[in-house]
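Asks: What follows is a single structure, and I will ask about it in a moment.
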Amino acid sequence: DVSERTLIAVKPDGVQRRLVGQIIQRFEQRGFKLVGLKMLQVSEDLLSQHYCQLRMKPFYPSLQQYMTSGPVVAMVWEGHNVVQTSRMMVGHTNPVEAQTGTVRGDFGIHVSRNVVHASDSLEGAKREIQLWFQGKELLNWDCCDQTITCE
Ligand code: DAT
Ligand code: MG
């Protein structure tokens, strides 16, 4: 499905470390299409909805502290198999286990500062995109070379 979409977010540590450009570049050069992009300060409310399955975890308070500590760059990327492919590009949750060549494997060393978020399933992506973006913030646009890039 060429109109599959996922939510990718550069977390506060990624923004602070000036990694936004390199992360965007990886998704662009892979062939995905950027259809939404914004910088925002995440509220405790948005975060608890985003991580609704983690609210009871012992690390949630520190996760909340970190995720609301500074701006985040949220993006919606579109393309064939983008959910699964972007999880592979982002790498294992714990950077210690993330392969070199992945974002977390190249830029992270600790699970509590793992640089980037990527939706983990089609349903999760749908839910997260609706949570983070208004419909009018997402743009449908035709790529000039879409017959070559399999869009
Ligand atoms: P992912 O971000 O790979 O989808 P997740 O959804 O299980 O991983 O967890 C969300 C975030 O919570 C993760 O990116 C970092 C943080 N986290 C997960 N497990 C953790 C742990 N054991 N200690 C500290 N932070 C953790
Ligand atoms: Mg997750």
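Asks: How many of the residues in the range 50-86 are at positive phi and in contact with a Gly (Cβ under 9 Å, 6 or more places away or on another chain)?
Replies: Number of matching residues: 1.
Asks: So, in the range 101-120, of the ones that are in contact with a Pro (Cβ under 7 Å, 6 or more places away or on another chain) and not in a loop (DSSP other than H, G, I, E, B), which residue ends up farthest from Gln25 (Cα to Cα)?
Replies: If we take residues in the range 101-120 being in contact with a Pro (Cβ under 7 Å, 6 or more places away or on another chain) and not in a loop (DSSP other than H, G, I, E, B), then His110 is farthest from Gln25 (Cα to Cα).
Asks: A further question on this structure: Collect the residues in the range 60-100 that are small (Gly, Ala, Ser) and in a helix (DSSP H, G or I), keeping them in residue-number order.
Replies: Matches in the range 60-100: Ser62, Ser86.
One line per residue, one yes/no per condition, for (1) surrounded by fewer than 13 Cβ atoms within 10 Å (Cβ to Cβ); (2) over 15 Å from the mean Cα position of the chain (by Cα); (3) within 16 Å of ligand 2 (Cβ to nearest atom):
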{"site": "Ile8", "(1), (2), (3)": "no, no, yes"}
{"site": "Arg18", "(1), (2), (3)": "yes, yes, no"}
{"site": "Gly36", "(1), (2), (3)": "no, no, no"}
{"site": "Asp45", "(1), (2), (3)": "yes, yes, no"}
{"site": "Cys52", "(1), (2), (3)": "yes, yes, yes"}
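Asks: Let me ask another. Take the range 84-126 and flag every residue that is buried (at least 22 other Cβ atoms within 10 Å of the Cβ) and among the β-branched types (Val, Ile, Thr).
Replies: Once the filter is applied, which keeps residues that are buried (at least 22 other Cβ atoms within 10 Å of the Cβ) and among the β-branched types (Val, Ile, Thr), the range 84-126 yields Val90, Val103, Val115, Val116.
Asks: So, in the range 28-52, of the ones that are part of a loop (DSSP other than H, G, I, E, B) and touching a residue at least 24 places away in the same chain (Cβ under 8 Å), which residue ends up nearest to ligand 1 (Cβ to nearest atom)?
Replies: So, considering only residues that are part of a loop (DSSP other than H, G, I, E, B) and touching a residue at least 24 places away in the same chain (Cβ under 8 Å), the one nearest to ligand 1 (Cβ to nearest atom) is Val42.
Each value in this text was obtained by applying a stated rule to the coordinates, not by laboratory testing. These numbers were taken from a predicted model, which means no experiment stands behind them. Every residue, glycine as well, gets a Cβ built from its backbone with ideal geometry; the counts of neighbours run over all protein chains shown.
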